[in-house]
1. Give the peptides 23-35, 126-138 in descending order of average Cβ contacts within 10 Å, highest first.
2. If you add up the charges near Gln98, with Lys and Arg at +1 and Asp and Glu at -1, over every other residue whose beta carbon is less than 12 angstrom from its beta carbon, what do you get?
3. With contacts defined as alpha carbon pairs under 8 Å and 6 or more residues apart, what's the relative contact order of the range 116-225 in percent?
4. Cα-based Rg (one decimal) and Dmax (whole number) for the range 26-110, in Å?
5. Could you give P(r) for the range 116-225, binned at 10 Å from zero, as whole percent values over all Cα-Cα pairs?
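Nothing in this text is a laboratory measurement; each read-out follows from the coordinates by a stated rule. The structure displayed is predicted, hence computed values, not measured ones. Every residue, glycine as well, gets a Cβ built from its backbone with ideal geometry; the counts of neighbours run over all protein chains shown.
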Amino acid sequence: MSSVVVIIVIIALLASLVCYAFISQTLAHKREQRDRLIGALSLKARNFKFMLSGFPQGFLPPELSMLVQKSLMEIYNQLTELEPENNGHQNELQALSQQMNDARRQNTRQGSVSLENPQQISEVKACLEELHKYIHQLEEKDRIPAQTGDAHRASIRELVVGLTVDSYTIAGKQALDKDKPRLALHNLELALHLMERERQSGHFGPRITDLQTQCAALAKRIADEDDESTAPEAQPETQEGLEGEWDEYANKGGEWKKKQMYD
């Protein structure tokens, strides 16, 4: 074999190695990108599922609930394309489809949902914060118009106001349980003033009426207790009465003295 042939073979081998290395690196980079995308989508799916499960039944208005469900469905569609062998993604899609169908059939919100657990209120507020961020991201990507984003933010604001009212109401009940009517009235009035301020944008009519009744009853109770505490005390006994009691006691005392002397 001549030296020229050897050189050509060596060059061909080197070229093959370079091509193999390039292809391997490209494939590894694509696998890394795919794994990173799957990880990001899986994390986003968990966040959306936590959001859906974190909200009590009927808490979200239909348009916000549908937004979260559609976004979660898009995520699982992408995961199905990236991992077709994973049957879990298909199962999640089927469950979401059923939920969305149920939501479309109802398509109404049965009034506001009040929460009575401070821990649950904290968790729901965290979910609403995440939802608010997500709506802002959708606007930045032009996936929803600004008008729709404003409407969603107005709904979220109403929900946050309702949660704050729930917190004040819980604090008022706790104060009543501890027999602190003034503190209870203070918390209930805070809730009432907040709802009256947001009356134009919220649906707080029935709750406002209920709290007005509670505040009036508490104010009357406090006023009655103040009247009782400032009522005139029982008049002390007259001087003649005191002197008569003392005379009687003194007479008995005299007998006691005599007895002591004769003993």
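1. 126-138, 23-35
2. On the way: positive: Arg104, Arg105; negative: Glu92, Asp102.
Overall, the nearby charge balance is 0.
3. 22
4. In Å, with Rg to one decimal and Dmax whole: 15.0, 55.
5. All Cα pairs considered, the percentages come to 14, 36, 28, 14, 6, 2, 0.
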